[in-house]
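First the structure, in the form of structure tokens, and then the observations on it.
The values are calculated or read from the model by the stated rules, or taken from the named source; none is laboratory data. Note that the structure is a prediction, hence the values are computed from the model and not measured. Every residue, glycine among them, receives a Cβ derived from its backbone with ideal geometry; neighbour counts consider all protein chains shown.
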Amino acid sequence: MSLLVALVRKELRVELRSLQGTVAAAMLVLALLLLLRFTLTNDEIAQARLAPAILWSVLLFAGLGLLTHTALREGDRGTGEMLRLAPLPRATLFLGAWAGNLVLLSGLTLLAFGFYILLFGNSFGADWLPALAILLLSAVGVSAAGTLTTQAAAPLPGAWMLGTLLAIPLLLFTVVEASLRALQALLLDDAGVATAVALLLLYDLAFLAGGAWLSELAD
């Protein structure tokens, strides 16, 4: 456990020293939300059903961009190669990178949710806290799948785009779909929220366990 904590602290310390990835991702979130705000009409915004789609359109691209930055940063500095040469389980290295990315992605999710409420209003009403909890729970699976694909693509040409292109199909029909269903059910006061959240948890665990397993196979 101490090794995993040390890896997470390393990931966060390196990013927080420069803030290159986090600031760029935050600016992208704000730019995309502003674009959607001025593109959609007031009548369309008044339809609360658009809220989950707006949030995920922003979070998916900005979040995967942030994860791509962290993976490429490790390659540019040679940190990832040095860690792979150390006598450490590859699954532990993956979980350390995943946990560090999860913290960054959770912060980005909080920021995006706050910007959304400022620009579009609180579409979720009294259920804003459960909606935020669903998005934060989704960050677990996004971070796992994104860490796996961006690390795999990092040594390849065009890695800055390839990792994102690999992650999007994996996430769209799993974590993102389950999260969208949960948020829509929450807006409609539907009883399907619990089922959608349970499905989301299964996807999160599958990506997390699968990423750790595949990282060991890649050794």
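No other residue among SER123, SER138 is crowded, with 21+ Cβ neighbours inside 10 Å and under 17 Å from TYR203 (Cβ atoms) apart from SER138.
Annotation note: of GLY146, GLY158, the sole residue that is under 14 Å from the mean Cα position of the chain (by Cα), of a type in the set (Gly, Ala, Ser) and under 21 Å from PHE61 (Cα atoms) is GLY146.
Checking each residue in region 153-174 for being in a helix (DSSP H, G or I), buried (at least 18 other Cβ atoms within 10 Å of the Cβ) and at pLDDT below 85 picks out ALA153, ALA159, GLY163, THR164. Residues of region 126-144 include at least one that is aliphatic (A, V, I, L, M), out of contact with any helix residue (DSSP H, G or I) (no Cβ under 7 Å at 6 or more places or on another chain) and modelled with pLDDT of 95 or more. One residue stands out in region 10-23 among those that are among the charged types (D, E, K, R) and free of Cβ contacts under 8 Å to residues at least 40 places away in the same chain: the one that is surrounded by the fewest Cβ atoms within 10 Å (Cβ to Cβ), namely ARG17.
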